[in-house]
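Inspection log for the structure reproduced underneath, given as C-alpha cells.
Every number in this text was worked out from the coordinates using simple rules, so none of it is lab data. Every value quoted in this text rests on a predicted model; they were computed, and no experiment measured them. Reconstructed Cβ throughout: ideal geometry from the backbone, glycine too, with neighbour counts over all protein chains shown.
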Amino acid sequence: GENVEQHPSTLSVQEGDSAVIKCTYSDSASNYFPWYKQELGKRPQLIIDIRSNVGEKKDQRIAVTLNKTAKHFSLHITETQPEDSAVYFCAASSGEDNYGQNFVFGPGTRLSVLP
Amino acid sequence: DSGVTQTPKHLITATGQRVTLRCSPRSGDLSVYWYQQSLDQGLQFLIQYYNGEERAKGNILERFSAQQFPDLHSELNLSSLELGDSALYFCASSVVAGGPGGYNEQFFGPGTRLTVL
C-alpha cells in the first residue's frame, strides 16, 4: 500500500524566513496531494493542494511543488509569521475521479516560527 | 466553525465496550470521511461515504464500522474496544466524492476524544 514519509519532523525558523517541508510517496497511482495545518488543540485545515497533472501551485505565501517522477512533493512557506506555527501534514490520495478518495498522511512536521 | 458537528465531544469507556460516534456534515455536503488521530499512529484515514454509499476504505479495523444515513449524517461504531483505540476521531465532509479533477476541500469537525480505560 501507499507509504508517505515527511521531513523534517520539527522545524524552527526565524520570523520572515522561509520554511520548506518535504514529502515522498510510494504509490504511483496517487493523484491528489493536500497539505493540512493543525494548530494545537484544533482541527486540521486544508491550506493548499495539488493534483497530479500540475507541477506547482501558489497561494499568496504558500506554494506546493510536485515531482511525479521522483514521487515527492514539497510545501514552501515564505515570509513566515508566528501564526504559521502549527503541525503540518502532507497526504497522498488515490481514487477514481468523482468516485472516492483513499488518503495516506505523513507523520507531520511541527513548525515553530520564532519572533 | 467549519459547519461539521460531532458528538459527543468526549467519551470515556472501558476495554471491551462498544461506542458510537456521530457526525453531521455541512449543509449540502454529500461526502463524509472518518479519521483517527493518535500520538503514535498520527492521522489515519478510516473510511469515506458518499450519499449513503461506501466509497473508499483506509486502515479501518474489522472491529470498526460506519454508515451514512439518508439524512447524510454518519456514525462510526467502535466495538471490543482496546486501550490502543484511545484517540481523537475526526469526521470531515466535502461537497463531492473527490478525485483529482474536482474541488476536494474537506471541512473537519471538532473531533471526538475517546479514552479507553
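As a test of the definition: which semi-axes, in Å, follow for chain B when you take the square root of five times each eigenvalue of its alpha carbon gyration tensor? Largest first, please.
On the way: eigenvalues 111, 38, 34 Å².
Ellipsoid semi-axes (Å, largest first): 24, 14, 13.
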- When chain A is modelled as a GNM with alpha-carbon springs shorter than 10 Å, which of A:96, A:83, A:15 fluctuates the most? A:96
- Estimated inter-spin distance, residue A:99 and residue B:57, nm [label 7 Å along Cα→Cβ]: 1.5
- Task: Using only atoms on other chains, find how many Cβ atoms lie within 10 Å of each Cβ of peptide B:86-97 and report the average.
- Result: 2
- Task: Two decimals is fine: what's Rg over Rh for the stretch A:30-92, C-alpha atoms, Kirkwood radius as Rh?
- Result: 0.98
- Item | Close Lys-Lys pairs in chain A, where close means Cα under 18 Å and separation is 8 or more or interchain | 10
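Can you give the charge dipole size of chain A about its Cα centre, rounded to the nearest 20 debye, using +1 on the beta carbon of Lys and Arg and -1 on the beta carbon of Asp and Glu? Working shown, then result.
Values: 11 positive and 14 negative charges, 14 e Å.
Dipole about the Cα centre, nearest 20: 60 debye.
Among B:71, B:85, rank each residue by its count of other Cβ atoms within 10 Å, from fewest to most, as a rough exposure measure.
Values: B:71 9, B:85 21.
Listing B:71, B:85 from fewest to most nearby Cβ atoms yields B:71, B:85.
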- How high is the FRET efficiency from residue B:5 to residue A:20, r the C-beta distance, R0 35 Å, rounded to 0.05? 0.45
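Which percentage, to the nearest 5, of the DSSP beta bridges contained in chain B is antiparallel?
Numbers: 37 of 41 bridges.
Taking every DSSP beta bridge within chain B, about 90 percent pair in antiparallel fashion.
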- Item | Relative contact order, percent, chain A [alpha-carbon distance under 8 Å, six or more residues apart] | 36
- Query: Sorted by average packing, counted as other Cβ atoms within 10 angstrom per residue and highest first, what order do A:19-26, B:86-93, A:65-72, A:103-110 take?
  - Reply: B:86-93, A:103-110, A:19-26, A:65-72
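Looking at the calculated P(r) for the protein assembly as shown, what percent of the C-alpha pair distances fall above 25 Å? Could you put the intermediate results ahead of the total?
Details: 10772 of 26796 pairs.
In whole percent, the long-distance tail amounts to 40.
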